[in-house]
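Structure first, then comments.
The values are calculated or read from the model by the stated rules, or taken from the named source; none is laboratory data. This structure is a prediction, so every number in the text was calculated from the model and none was measured. Please note: Cβ atoms are built from the backbone with ideal geometry, for glycine as well, and neighbour counts cover all protein chains shown. Note: accessible area is taken over every heavy atom of the protein model, side chains too, but ligands, DNA and RNA are not part of it. Shrake-Rupley method; radii C 1.70, N 1.55, O 1.52, S 1.80 Å.
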Amino acid sequence: MASYLASSPVQIRCKGILFDMDGILISSLGSVERSWTKWAQMRGVDPVYACSIAHGCRSIDTVARLRPDLDSEAENRIIEDMEVEDTEGITVLPGVLKLLAALPSDRWTVVTSATERLARVRMTAGRIPVPERFVSAELVTHGKPHPQPFLAGAALLGFAPEECVVFEDAASGTKAGRAAGCTVVATTFSHPIETLDAADYLIADVTGVEVATLPGDEGLVLRISPLVS
């Protein structure tokens, strides 16, 4: 496996930022894996496989993929209830609070595969600010890796997709961001680097991300140090 080091900093001009939630702003890996393991055992599905495909995708899509013979909406409510009740170990990730504090509130939002109910519970548990408006699973008909979630996020902020930067950690999310026409920055927090080839840049986490607000409506400048092999 190739080793990766931080390269010289690069600057990215943009108007808005679209953050994935799980794996970018907060870590909820324990809750996800415990909940999907429990559901998989209830429904006769391999728990390891269920957990491996659940990350970064809408739960209703994962349920339909694993047990197409069941009522996906009913099963989705079951897994949602499990995840809502399990907030143990949910933590904010390094650098997140500092980065969000540096961003004007109208320049960023969250684009998550979680339901709105679950997203609010997790962001609150992680003690991060909850945007007034964000894109959740119910607001789109196609989940990641389809571009619709990030197209919706850009529209929510009032910017063109190509004016937005996406922060993602999963293959499905990086593919969705690229397909939407956004610049994609992926962290290596939770997924193998080789699965993130749709990203424009790789970083370890958002700790080293710096942001400056330009005057008027000129937008933002992000400064990152990408990982290179």
Residues of type lysines that Lys175 reaches as a straight line, Cα spacing below 20 Å, ignoring anything fewer than 8 places off in the same chain: Lys144
Computed over segment 43-166, Cα set: Rg, Dmax in Å: 15.6, 47
Contour excess over end-to-end distance, with Cα ends at Ser190 and Asp71 and 0.36 nm allotted per residue: 39.8 nm
Segment 33-102: radius of gyration and largest Cα-Cα distance (Dmax), Å: 14.5, 47
Within the accessible area of segment 172-228 (1.4 Å probe), percent carbon and sulfur: 51 percent
Approximate shape of segment 74-142 as ellipsoid semi-axes (Cα gyration tensor, √5λ), whole Å, largest first: 23, 16, 8
The chain: relative contact order in percent, alpha carbon pairs under 8 Å with at least 6 residues between: 29 percent
Rough spin-label spacing in nm, given labels placed 7 Å along Cα→Cβ, for Val92 and Asp197: 3.7 nm
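Show that you can apply the helix-only estimate: for the chain, add -39,500 (n - 2.57) for every DSSP H stretch of four or more residues, divide by all residues, and state [θ] at 222 nm to the nearest 500.
Calculated at 222 nm, the ellipticity per residue is -10500 deg cm²/dmol.
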Segment 121-138 residues near the modelled Asp81 label - backbone nitrogen below 19 Å, point 7 Å along Cα→Cβ: 121-122
For the chain, accessible area per residue (1.4 Å probe, heavy atoms of protein chains only), Å²: 46 Å²
Placed amide H near Thr91: partners under 5 Å, 5+ positions off or other chain: Ser27
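Expressed in nm², what is the orientationally averaged projection area of the convex hull enclosing the Cα positions of segment 115-229?
Values: hull surface 30.9 nm².
Averaging across all directions leaves 7.7 nm² for the Cα convex hull.
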Kirkwood Rh and Cα Rg combined as Rg/Rh, the chain: 0.96
Candidates Leu25, Leu196, Leu100, ranked by Gaussian network fluctuation over the chain, Cα under 10 Å, top entry: Leu100
